[in-house]
Each structure stands twice: as C-alpha cells, then as structure tokens.
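Worksheet for the structure shown next.
The values are calculated or read from the model by the stated rules, or taken from the named source; none is laboratory data. Values in this document were obtained by computation on a predicted structure and should not be read as measured data. All Cβ positions, even for glycine, are placed from backbone atoms using ideal geometry, and neighbour counts span all protein chains on display. Just the protein is used for accessible areas: all its heavy atoms, side chains included, with ligands, DNA and RNA removed. Shrake-Rupley method; radii C 1.70, N 1.55, O 1.52, S 1.80 Å.
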Amino acid sequence: MSSSTPHTAKLDRILAETQRERESGYRDKALKMYPHVCGRCAREFSGKRLSELTVHHRDHNHDNNPQDGSNWELLCLYCHDNEHARYTDQQYFGEGSLSSPTIAKATHNPFAALAGLMKKD
Ligand SMILES: [Zn+2]
Ligand SMILES: [Zn+2]
C-alpha cells in the first residue's frame with residue numbers, strides 16, 4: 001500500500017459517511033419529534049417494536065428532509081406500504097390515461113399468451 005493516500009479518496013469516504021449518517025439521522029429526529037404512533041392506524045409502538053415504525057416522506061422525496069420535520073410522518077410498516085401503493089396507483093392511472101397502457105399489460109404477465117396457447121392445444 002502506498003503511504004500517500006489521495007486526498008479525494010479520503011474526501012469521498014467522509015462524504016459517504018456523512019450521507020449515511022444523514023439518511024439514518026432523519027429517522028431518529030422524526031422519532032424524537034413525533035409521538036411513537038402510526039399516523040394512519042394510530043397504533044402505538046415502543047421498545048423493540050419501534051423498528052416497525054418508519055418515517056414516511058409526505059411528498060415522497062427522501063431527499064427532502066426539512067429540520068422542522070414538516071415532510072415527515074411516522075407510519076407503521078403496513079400503513080407505509082399502503083401509502084406507497086396508493087401513490088403508485090395514482091401515478092399509474094395518471095400516466096395510463098395519457099400513454100399506451102398496453103406496455104404495462106404486456107409486462108404484467110408475460111406468460112398469459114403462452115398459457116393461452118397451451119390451453120388451445
Ligand atoms: Zn399503521
Ligand atoms: Zn414513504
């Protein structure tokens with residue numbers, strides 16, 4: 001190994017570490033800021049189960065982490081999942097009406113045509 005570590009490599013590592021800290025940091029902040037209750041189903045979480053409580057980004061932008069917590073919402077895993085499924089549906093329907101829905105249909109079940117052929121046989 002060389003004794004002279006390139007300065008940029010060191011900087012890269014520091015930046016990566018800072019980013020990692022920032023990503024995990026907002027959860028701790030949100031948990032300190034808000035009561036440990038799911039914003040949808042109002043279930044309470046404490047102790048080990050606290051890991052089931054996750055931080056949702058209201059505008060769905062994980063890079064948007066204002067220090068006042070206005071973009072954060074504590075949701076349990078299930079409600080968080082629902083929230084994202086709903087958002088994806090909205091996006092899907094919004095786009096589907098404009099662009100061709102056949103692409104989504106084709107990727108939905110690539111074996112449907114094949115199954116149809118086999119049944120005919
Ligand atoms: Zn919930
Ligand atoms: Zn979310």
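The figure for Arg49 is an accessible area of roughly 110 square angstrom, using a 1.4 Å probe on the protein chains alone.
Grab the Cα-Cα distance for Asn64 and Tyr87, subtract it from 0.36 nm times how many residues apart they are, and report the gain in nm with one decimal. Show your work: numbers first, answer last.
Details: separation 23, 0.36 × 23 = 8.28 nm, distance 1.72 nm.
Contour length minus Cα-Cα distance gives 6.6 nm.
How high is the FRET efficiency from Lys29 to His7, r the C-beta distance, R0 30 Å, rounded to 0.05? In this case the efficiency is close to 0.40. Once the C-beta distance of Tyr78 and Ala16 is scaled by a Förster radius of 25 Å, the resulting FRET efficiency is 0.20 to the nearest 0.05. Neighbours of Cys76 by Cβ distance under 12 Å: Lys/Arg scored +1, Asp/Glu scored -1, total -2.
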